[in-house]
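Bear in mind these aren't lab numbers, they're just calculated from the coordinates by the rules spelled out. Note that the structure is a prediction, hence the values are computed from the model and not measured.
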Amino acid sequence: MSKRNLDAGPNTEPKSKQVKHWSLGLLESMKDPKSIVKETKSVVVIRDKFPKAKIHYLMLPTENINSIYKMNLEHVKLLEEFNRLFEEIKSELSDIELKAGFHAVPSMQRLHMHVISIDMISPCLKTKIHWNSFTTNFFIPFEDILNELKETGSIKKMSPELHKNLMATPLQCNQCSFNPKNMPQLKEHLLTHNKS
């Protein structure tokens, strides 16, 4: 396994001249040594190009699995490898509270698990949808996905109606009971939880 500097910032290299659909961007990042944080034979951990918090990594399989909905019982070992790497990252960044999970309706092709710090401080966090995708039940904790896969052999899809309702959830701080009126007020408030 190779390890890279966990504290380095997001990739700032110029984009490729070839135009590809944005949903395929993870495949390119998996091949970019500057994006890679950790890798094993079966898993690559990369920095999110548009991080929504101080720490925001994506954990992807080297195997071509399109999403959580394409997994079966054979993938339990892969998710256990995800967990092993997540625990490793948590021990290396022990002063930062991290969570790991999957979006119920992923926007990018290739299965990927988010590893993200709860501070949610980032210039890339701009919209209510960004916020709600990490702070509502749209963000499915890793343990829930692993348990469902072990119990049923597959992951049940979220209904379009629930998806829509979660994205419309009123803003609320993820660290206290504060209800901001808008994203700028929320972002200003989040700084009060992170005075280090």
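Side notes on the structure shown:
- Karplus 3J(HN,Hα) series, Hz, for the stretch 160-169 with 6.51 cos²θ - 1.76 cosθ + 1.60 (x for Gly, Pro): x, 5, 5, 3, 4, 5, 5, 5, 8, 4
- Per-residue HN-Hα couplings for the stretch 126-134 [Karplus 6.51, -1.76, 1.60; θ = phi - 60°; Hz; x = Gly/Pro]: 10, 10, 4, 5, 3, 4, 5, 6, 10
- Between the amide H of Ser67 and those of Leu111, distances stay under 5 Å, these residues lying 5 or more places away or on another chain, with hydrogens modeled in the peptide plane.
- Applying a threshold of 26 Å to the alpha-carbon distances of Lys34/Lys195; Lys41/Lys99; Lys34/Lys70; Lys77/Lys164; Lys38/Lys128 flags Lys34/Lys195; Lys34/Lys70; Lys77/Lys164; Lys38/Lys128 as lying beyond it.
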